[in-house]
Amino acid sequence: MPFNTHGVRTYALGLAHRAVRDIRRDNLRQLRRYVDLCALLSKRKGHRFFFDHAQEILAKADSLYYPLIQKVFNTVDEEHLCIFGVNFGIDAMTLGAAQLQQLNQAGEGPLPWLTLADAGQADELNTAVAAGCAKGMYLWGFFARNEQQALQVGALAARHPTCDFMLVATPGCMTRTLVRYLQDSPNLATLVQLDSPQLTDEACAALNSLQAAKVNYGITLTLTDDTAPQVLQQEWLSLMAQYTPYCFFSHAQMSDAAVQQMTRQVYTARSTTGAPLLLIMWEEDCAYITRHISPNACIQDLRAR
């Protein structure tokens with residue numbers, strides 16, 4: 001009998017909606033209950049490591065993840081949370097990762113678990129996304145330069161509801177038309193691309209509009225050796241926490257020594273009390289996921305250089 005992926009998705013979505021409502025009602029106790037359950041049921045090494053680590057963090061009553069998760073549940077539409085979460089956790093990181101591992105071991109790799117592309121390529125990649133699903137590739141990231149390109153990514157996401165898409169765009173792309181479109185795109189997360197740690201009026205307006213629309217969004221920022229220390233100051237973290245639940249940092253322009261120090265500080269910040277803001281080191285965290293999927297797993301970058 002073929003594996004019933006539709007049944008698994010249906011069950012997982014139902015459980016996700018129930019979990020959101022339970023955690024909203026009783027933040028600390030219910031959140032730990034679900035993490036404990038996931039840790040008990042986890043079979044894959046990567047899953048067990050993740051949930052074992054989550055148990056350690058949540059053992060602290062003052063963990064920043066309690067207010068962070070409660071904030072996300074209260075400010076992001078439930079359908080967006082559940083669909084994006086199930087697509088990522090079930091389709092991409094469980095079923096898809098297992099399929100990619102098998103195909104890579106069979107010599108069909110290296111196969112990407114994440115593909116990055118320019119948003120202007122969205123229409124022409126429709127067939128590639130469908131073909132990728134058949135091989136376990138469910139995650140796509142697109143970089144937009146204007147509203148029209150961003151809308152093309154939204155249309156692509158609508159055609160592939162079991163995939164997760166990431167739209168990286170400047171504050172100027174966040175028009176009323178695009179934000180309304182994002183409200184109907186639960187499998188599309190938006191990252192507002194900042195030029196520097198200082199928030200401009202345009203950036204504030206974009207973040208406020210996304211927050212009011214209750215969509216899944218965050219910010220992304222490319223750091224330098226000079227700007228990296230600023231984004232770890234409590235004042236900056238507290239300010240960002242007012243606008244977004246998570247922030248992606250890229251260290252492509254940093255020295256190796258600064259990257260190592262920054263990575264240590266970010267990883268420490270994740271496990272200590274502080275502003276309810278999740279910090280993600282883009283290159284480091286993606287490399288970690290790649291290693292745990294398969295020795296031949298990779299990230300494919302189709303962007304023009």
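The values are calculated or read from the model by the stated rules, or taken from the named source; none is laboratory data. What you are looking at is a predicted structure, and each value in this text was computed from that prediction instead of being measured. Every residue, glycine as well, gets a Cβ built from its backbone with ideal geometry; the counts of neighbours run over all protein chains shown. Just so you know, the surface numbers come from the protein's heavy atoms only, side chains and all, with ligands and any DNA or RNA stripped out. Shrake-Rupley method; radii C 1.70, N 1.55, O 1.52, S 1.80 Å.
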The residue from ASP164, ASP201, ASP195 that alone is surrounded by fewer than 21 Cβ atoms within 10 Å (Cβ to Cβ) and at pLDDT 95 or above is ASP201
Listed by first then second residue, the pairs whose first member lies in the range 214-236 and is of a type in the set (Asp, Glu), whose partner is surrounded by 15 or more Cβ atoms within 10 Å (Cβ to Cβ), with beta carbons under 7 Å and at least 6 positions apart or on separate chains, are ASP225/MET254; ASP225/ALA258
Within the range 15-24, residues open to solvent by 40 Å² or more (accessible area, probe 1.4 Å) and over 10 Å from GLN70 (Cα atoms) come out as LEU15, ARG18, ARG21
Check your understanding: Is there a residue being closer than 17 Å to PHE84 by Cα, within 19 Å of the chain's Cα centre (by Cα), among the polar types (S, T, N, Q) and open to solvent by 20 Å² or more (accessible area, probe 1.4 Å) anywhere in the range 219-242?
Key -> no
Result of the Cβ filter at 8 Å on the range 253-282, keeping first residues that are among the β-branched types (Val, Ile, Thr) and partners that are loosely packed, with under 14 Cβ neighbours inside 10 Å, at least 6 apart or interchain, is THR273/LYS60; THR273/ASP62
Going through the range 99-127 in order, the residues found to be over 14 Å from CYS298 (Cα atoms), open to solvent by less than 40 Å² (accessible area, probe 1.4 Å) and hydrophobic (A, V, I, L, M, F, W, C) are ALA117, ALA119, ALA122, LEU125
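Of all the residues that make up the range 256-305, how many are assigned to a loop (DSSP other than H, G, I, E, B) and either touching a Phe, Trp or Tyr at 6+ places or on another chain (Cβ under 6 Å) or more than 22 Å from GLY141 (Cβ to Cβ) (or both)?
Here is the first cut: in the range 256-305, the ones assigned to a loop (DSSP other than H, G, I, E, B) are 271-277, 294-297, 302-305.
Those left that are additionally either touching a Phe, Trp or Tyr at 6+ places or on another chain (Cβ under 6 Å) or more than 22 Å from GLY141 (Cβ to Cβ) (or both): 271-276, 295, 297.
Adding up the residues that qualify gives 8.
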The residue that is surrounded by the most Cβ atoms within 10 Å (Cβ to Cβ), considering only those in the range 243-255 that are in a loop (DSSP other than H, G, I, E, B) and in contact with a Gly (Cβ under 9 Å, 6 or more places away or on another chain), is PRO245
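Would you kindly identify the helices (runs of 4 or more DSSP H) lying entirely within the range 25-106 that contain at least 3 residues that are at pLDDT 90 or above and out of contact with any Cys (no Cβ under 9 Å at 6 or more places or on another chain)? Walk me through it before giving the result.
Values: elements: 27-41, 45-58, 65-75, 78-86, 97-105.
In the range 25-106, 78-86, 97-105 are the helices (runs of 4 or more DSSP H) which contain 3 or more residues that are at pLDDT 90 or above and out of contact with any Cys (no Cβ under 9 Å at 6 or more places or on another chain).
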